[in-house]
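Below: one structure, written as structure tokens.
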Ligand code: 13P
């Protein structure tokens, strides 16, 4: 039985004061939902704060990206996977569409980041998703296949159990317009079948999250779908009450 994961991707938001209030509220109010794994994913400068505040809680934390460099040295601005693991990081988002688009990350780079994460005992949350133009041209499944196959071809079969997938249709991110339950279930089922063709056990254990305008009003119908194993939440994860309502919907 897969345990649902609800992860809050804070993107470039937060401050010491706001984060402390939000995290303390989550610790206090999410404790009763033990059937759901909750994670917060703050910007890099606040990871140490998250680690300290979450030290004795069941909420875990993750980072929004990881370097392609695995060593140490002259890589200004980069943070390697070993550093993240060093102080207790659990998850790392790789291939978010905002990084694919703004930083021109390729499928191969995303796949390598996923492998670097697993090699360093971090769990990558690998984001895949199509643009509106690709959906309208009927290319959704072929785009997603290309994105996921890069990852599946790069990781060893036994590493697949460490991976989390997140389906984030780009047109649904930050727009208030979520994908429909039919669209979400179709994609999630296809992604699981793709993994299943390589390794049945990993496919059954694989967490496939949905992300894209998840909010209290649509969380229950999305979280009830058979192949949806949680959510990657942007905007609504910054408001304790909304994030708790989404966790409750997944419970
Ligand atoms: P929103 O929930 O704000 O649409 O963002 C989704 C997302 O990109 C999570 O990674």
Just want the ordering: 143, 195, from fewest to most Cβ atoms lying within 10 Å of their own Cβ.
143, 195
By Cβ neighbour count within 10 Å, fewest first, 47, 222 rank 47, 222
Give me the extension gain from residue 193 to residue 87: residue separation times 0.36 nm, minus the current Cα-Cα distance, reported in nm with one decimal.
34.7 nm
In nm, the gap between the two label points placed 7 Å beyond Cα toward Cβ at residue 149 and residue 17 is 5.2 nm
So for R0 = 25 Å, FRET eff. of residue 49-residue 121 from the Cβ-Cβ r, to 0.05, ends up at 0.65
For residue 32 and residue 3, compute 0.36 nm times the residue count separating them, minus their Cα-Cα distance, and round to one decimal in nm.
9.0 nm
In terms of the alpha carbon gyration tensor, root eigenvalues a ≥ b ≥ c, rounded if a/c is under 1.5 and otherwise prolate when a/b exceeds b/c or oblate, region 53-100 is oblate
The residues 12, 83, 1, sorted from fewest to most surrounding Cβ atoms within 10 Å, come out as 1, 12, 83
If the chain between residue 57 and residue 181 were fully extended at 0.36 nm per residue, the gain over the current Cα-Cα distance would be 41.4 nm
Taking a ≥ b ≥ c as the square roots of the Cα gyration tensor eigenvalues, with a/c under 1.5 meaning rounded and otherwise prolate when a/b beats b/c or oblate if not, the chain comes out rounded
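Here, each number is a calculation from the coordinates, and none is a lab measurement. Model, not experiment: these values are computed from the prediction. Note that each Cβ is placed from the backbone with ideal geometry, even for glycine, and that neighbours are counted across all protein chains shown.
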